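Here's the structure, in structure tokens; my notes come after.
The values are calculated or read from the model by the stated rules, or taken from the named source; none is laboratory data. All of these numbers come straight from a predicted model, not from anything done at the bench. Quick reminder, even Gly has a Cβ in these numbers, built from the backbone with ideal geometry, and neighbours come from all protein chains shown. What goes into the accessible areas is simple: the full protein's heavy atoms, side chains included, and nothing from ligands, DNA or RNA. Shrake-Rupley method; radii C 1.70, N 1.55, O 1.52, S 1.80 Å.
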Amino acid sequence: MASWLDHRTDTPHAGTPTLICIPSAGNGDFQFDRWPDTVGPWCVVRTPAAGGLGGEAPGTSSAASAPPTSSGLPERAAELVADLLRRGVERFALFGHESAALLGYQVAVELDRRGAPAPLRLFVSGCPAPQHLSRHAGGARAEPTDDELTERVLATAVAMGGNPLPSIVASGVRALRAELAALRAYRMPHPTPLRCPLTAIRWLNQGIEPEALAGWSAYGDTDLVQLPGSGLSYATEPADLLRVIGDRAPAGDLRPPAEW
């Protein structure tokens with residue numbers, strides 16, 4: 001079975017707190033290329049891109065190395081949890097942007113359900129709390145056309161310095177279409193408080209209301225951060241975000257942050 005954590009995502013030093021970065025749909029392997037290998041005390045590892053919630057993504061280097069695709073968030077969360085437990089990974093945090101933030105939340109829920117070690121922290125970026133999700137997942141709007149999704153994929157690739165082939169763009173459109181379907185199907189009727197603390201990041205130019213981010217407070221010990229930038233700034237201009245992450249080191253692991 002394909003693995004979420006391959007040779008590229010092994011922690012280089014035993015005991016080092018690890019920041020596991022989950023890719024979001026349609027943005028490809030390269031979305032974390034401008035991140036350093038360490039952020040404060042965190043060792044940054046990047047899970048292989050598989051289009052977030054389904055399908056390949058622009059920039060995906062190898063579909064064979066990507067984790068298996070399932071129908072929705074709970075199934076994919078269970079796959080990642082199984083990989084974490086199999087590897088014996090215990091000192092880790094999770095970062096996800098947009099739909100990948102919800103996947104990170106589901107991973108924390110699944111770890112709690114199994115009584116496994118909780119993440120040191122969950123970072124949710126540019127993602128409304130689940131109770132506010134329907135208005136942002138397109139539930140009340142018409143299904144976007146392929147042309148609209150193609151425009152989004154191309155805009156994302158250009159912003160990240162890419163120039164994808166038509167086949168890669170088509171893969172990104174499929175990934176975004178699968179993401180929308182999964183988000184519409186996602187149901188969390190009652191907030192499930194987590195054992196780990198959360199940091200919720202709102203990007204001021206992304207168009208998500210403050211109360212939609214503040215809703216994460218219902219899911220545990222949460223601090224809310226607002227940063228300048230758009231929904232792509234986590235990948236294209238990550239310096240402010242990296243400072244936020246580096247400042248939230250687990251107790252005992254604090255050290256002066258690197259210069260970004």
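Yes/no matrix, rows are residues, columns are (1) open to solvent by 50 Å² or more (accessible area, probe 1.4 Å); (2) assigned to a helix (DSSP H, G or I); (3) among the small types (Gly, Ala, Ser):
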| residue | (1), (2), (3) |
| --- | --- |
| GLY161 | yes, no, yes |
| ARG177 | yes, yes, no |
| ARG184 | yes, yes, no |
| CYS196 | no, no, no |
| ALA200 | no, no, yes |
| GLY207 | yes, no, yes |
| LEU213 | no, yes, no |
| ILE245 | no, yes, no |
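May I ask you to say which residue of ASP112, ASP83 is touching a Ser or Thr at 6+ places or on another chain (Cβ under 6 Å), farther than 20 Å from TYR234 by Cα and in a helix (DSSP H, G or I)? Reasoning before the result, please.
Values: ASP112 fails: touching a Ser or Thr at 6+ places or on another chain (Cβ under 6 Å).
That would be ASP83, the only listed residue that is touching a Ser or Thr at 6+ places or on another chain (Cβ under 6 Å), farther than 20 Å from TYR234 by Cα and in a helix (DSSP H, G or I).
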Say we look at segment 152-199 and pick out the residues that are polar (S, T, N, Q) and over 17 Å from the mean Cα position of the chain (by Cα); which of these is nearest to TYR105 (Cα to Cα)?
-> THR192
Only unsatisfied item for ALA108, checking (1) modelled with pLDDT of 85 or more; (2) of a type outside the set (S, T, N, Q); (3) within 25 Å of PRO130 (Cα to Cα); (4) in contact with a helix residue (DSSP H, G or I) (Cβ under 6 Å, 6 or more places away or on another chain), is (4)
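In segment 222-240, which residues are under 16 Å from PRO23 (Cα atoms) and not polar (S, T, N, Q)?
To start, the set of residues in segment 222-240 that are under 16 Å from PRO23 (Cα atoms) comprises 231-236, 238.
If the condition is that a residue be under 16 Å from PRO23 (Cα atoms) and not polar (S, T, N, Q), then GLY231, LEU232, TYR234, ALA235, PRO238 are the ones that fit.
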Which is modelled with pLDDT under 90, part of a loop (DSSP other than H, G, I, E, B) and under 17 Å from TYR234 (Cα atoms), of SER3, SER24?
-> SER24
